[in-house]
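The values are calculated or read from the model by the stated rules, or taken from the named source; none is laboratory data. Here the structure is a predicted model, which means the values were calculated and not measured. Here the Cβ is made from the backbone with ideal geometry for all residues, glycine too, and neighbour counts use every protein chain on show. Please note that ligands, DNA and RNA were not included when accessible areas were found on the heavy atoms of the full protein model with its side chains. Shrake-Rupley method; radii C 1.70, N 1.55, O 1.52, S 1.80 Å.
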Amino acid sequence: MLYDLNIAWSPGLSPSDLQNTLRLSKTLGYDVVALNNTITGSQIPYSPSPITNPIPILNPQQPAGGGGAPSSITTPSTTASSSLPSSSLPTILRRATLEITDPATTNYRLPDFTRAYDLLALRPTSDRSFTWACNNTTDPPALISLDLTRPLGYHIHPRTAMAAVHRGSRFEVCYSQAVQLSSLNPESARARSIFIGNVQSLVRATKGRGIVISSEAKSALGLRGPADVVNLMAVWGLGPERGFEGLGTGARAVVVNEGVRRRGFRGVVDIVSVAEGGPERAKGEEEETDGKQGKKGQKQKGQQQQQQQGQGQKRKNNDKGGGGGGGQQKNNKKMRKEEMA
């Protein structure tokens, strides 16, 4: 399965453009996509108010066991509608990306955003926020997404980057940031060169591990096929094997881990559905198990009794054999005395 965990969404996006983008992503071979709502620092509510998810639900919820969507927080909305059949749409997740400048004002709101969205990504904009996102968050974020078209202002240190990977976070590279830039604009050419340099720095720091590739496409024109994406990443320094991993197994691990985190207790105990038949079936299975164990115990008891009987019979035969041997010795002594006399 192929994943694109970042398709840009905004409240002003028309439903027709969104449907065209989703339909093209399905045609290109992406099975799971995520609609991304980018929230800047000024839009993050600091008061303890509930977090609402404005992204509509466009297709029915699917289980996460086979790599689909994690258990969603809300049920399908009545206001969300789609004129496309479900077969022409990929599995759609709802994601939030928080732009972090000052970690002190955002850390305590992360659990609220985690409960409201299927995926949560952090986009640090400073050295301090980058170090915090990699090492010091209460729960490791699913994705650390960087705006690679701008100078980062800090060096991506291998120790800091690998600490985030070991915690379970993944770094996101959005190829559409460079693809959608105009080649005729000198500023766009500069942004593209900065993007390539930042990608190479990230690949060197992580050695190609823990990288997820997404599009961040704002329209259908920003999407590319999986083979084209892998070729682009190979040119920018990421090997083909790591490229396919970033579109497939690496992205799937992010989705499944986030689903388990939301369904389970602290990401350890997973909540599963009750088997068909309910308590009556469970009771019948328990009685059947007890019956099998009882039959097994009776069989073992019978085998032990047979072994004991066999040992007793053998001991009795040995005793008889010993008595016969003593009488024979007496007869032999008597015959010798008679011969001597």
Checking R170 against (1) under 25 Å from S49 (Cβ atoms); (2) open to solvent by 10 Å² or more (accessible area, probe 1.4 Å); (3) not polar (S, T, N, Q), the condition it does not meet: (1)
Failed criterion for E216 (all others in (1) open to solvent by less than 10 Å² (accessible area, probe 1.4 Å); (2) touching a Ser or Thr at 6+ places or on another chain (Cβ under 7 Å); (3) under 30 Å from D139 (Cα atoms) hold): (1)
Segment 127-154, residues that are open to solvent by 30 Å² or more (accessible area, probe 1.4 Å), over 21 Å from the mean Cα position of the chain (by Cα) and farther than 22 Å from A189 by Cα: D127, R128, T131, N136
Neighbours by Cβ (under 6 Å, 6+ apart or cross-chain): first from segment 222-241, farther than 17 Å from L5 by Cα; second small (G, A, S) and assigned to a helix (DSSP H, G or I): P240/A234
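Condition test on R192, is it open to solvent by 30 Å² or more (accessible area, probe 1.4 Å), part of a helix (DSSP H, G or I) and either basic (K, R) or in contact (Cβ under 8 Å) with a residue 40 or more places away in the chain (or both)? Let's see the steps before the verdict.
Working: open to solvent by 30 Å² or more (accessible area, probe 1.4 Å): yes; part of a helix (DSSP H, G or I): yes; either basic (K, R) or in contact (Cβ under 8 Å) with a residue 40 or more places away in the chain (or both): yes.
Considered against the rule, which asks whether it is open to solvent by 30 Å² or more (accessible area, probe 1.4 Å), part of a helix (DSSP H, G or I) and either basic (K, R) or in contact (Cβ under 8 Å) with a residue 40 or more places away in the chain (or both), R192 comes out as yes.
Having 3 or more residues that are farther than 17 Å from N257 by Cβ is the bar; report the strands (runs of 3 or more DSSP E) wholly within segment 105-189 that clear it. Give the steps one after another, and end with the answer.
Numbers: elements: 119-124, 143-145, 170-174.
Because the criterion is at least 3 residues that are farther than 17 Å from N257 by Cβ, no strands (runs of 3 or more DSSP E) in segment 105-189 meet it.
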Residues that are in contact with a helix residue (DSSP H, G or I) (Cβ under 8 Å, 6 or more places away or on another chain) and either outside any loop (DSSP other than H, G, I, E, B) or at pLDDT 85 or above (or both), drawn from segment 42-66: N53
Per-region count, segment 74-111, residues open to solvent by less than 60 Å² (accessible area, probe 1.4 Å), among the hydroxyl-bearing types (S, T, Y) and at pLDDT 55 or above: 5
Pairs with Cβ under 8 Å, 6+ apart, first in segment 144-172 and at positive phi, second open to solvent by 20 Å² or more (accessible area, probe 1.4 Å): G153/S126; G153/D127; G168/P140; G168/N257
Subset tally (residues that are surrounded by 17 or more Cβ atoms within 10 Å (Cβ to Cβ) and not in a helix (DSSP H, G or I)) for segment 228-264: 3
